[in-house]
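Taking it in order: structure first as C-alpha cells, then the write-up.
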Amino acid sequence: MTRIVIFGNSGSGKSTLAKQLSEKHGLAHLDLDLIAWLPQMPPKRKPIQESAVEIERFALKNNNWVIEGCYSDLLQLAMSQASEIIFLNLSVDACIAHTRKRPWEPHKYASKQAQDNNLDMLLEWIEQYESRQDTFSLSAHQLLFTQFNGKKTMINSNQ
C-alpha cells in the first residue's frame, strides 16, 4: 500500500506534488483544505472530530492515497496510516513567490478574482510561518516530521 502525507507552508508546492504523485501512481488525493473549514464567511475551522471522520472515510475507501495540507492536527490523524511522509520545508520567500504565481484553484475559489482577493491575507499568513506557534506553524511541522518513524523525506527546494 502507498499512503503518503505531504505537508508544509502555504505555497510550498503540496498540491502540485500531490497531484503529480496521484497521477503517476494512481493514488486517491485528499486536499485537507476541502475538509478543514465550515462553508461560511468569515472562514471558521470545522470541529476536528468532523474532519477526522472525513479523513477516516477517505482512508477506508482508498487503499492507496496521498493526503496533503498544513494542518498538523489533521495530518497527525492521517500519519498513523501513512507509509511515507514528505515535508516541503521551503523558505518563506520561495513560498511567497510560488503563491504569487499560483493558477486559479477552482476547487477552492468560485473565480480567479475571488482567489486574488484573498492574496494579501495569504501572503501575510505565509510570512508568519516561522513565528507562529499553532497547528499551521513550522514548529508544528518539524515536530510531525521528527516523531514519524517510517519513511520520511524533507525537501528544502523544489528546483
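The values are calculated or read from the model by the stated rules, or taken from the named source; none is laboratory data. The model shown is predicted, which means the values in this text are computed figures rather than measured ones. Ideal geometry is used to build each Cβ from the backbone, glycine not excepted, and the neighbour counts take in all protein chains shown. We work out accessible area using only protein heavy atoms, side chains counted, and drop any ligands, DNA or RNA first. Shrake-Rupley method; radii C 1.70, N 1.55, O 1.52, S 1.80 Å.
Observations on the structure shown:
- Scanning segment 103-129 for residues that are among the basic types (K, R) and open to solvent by less than 70 Å² (accessible area, probe 1.4 Å) turns up just one, K108.
- For segment 77-91, the count of residues that are touching a strand residue (DSSP E or B) at 6+ places or on another chain (Cβ under 9 Å), closer than 28 Å to G26 by Cα and without any contact (Cβ under 8 Å) to a residue 24 or more places away in the chain is zero.
- Total residues in segment 112-159 satisfying the condition of being hydrophobic (A, V, I, L, M, F, W, C) and outside any helix (DSSP H, G or I): the figure is 4.
- Taking every residue in segment 131-159 that is more than 15 Å from S83 (Cα to Cα) and pairing it with any residue that is open to solvent by 90 Å² or more (accessible area, probe 1.4 Å) and not hydrophobic (A, V, I, L, M, F, W, C), at least 6 positions away or on another chain, the pairs with Cβ-Cβ distances below 9 Å are S137/E130; L138/E130; S139/E130; S139/Q133; A140/Q133.
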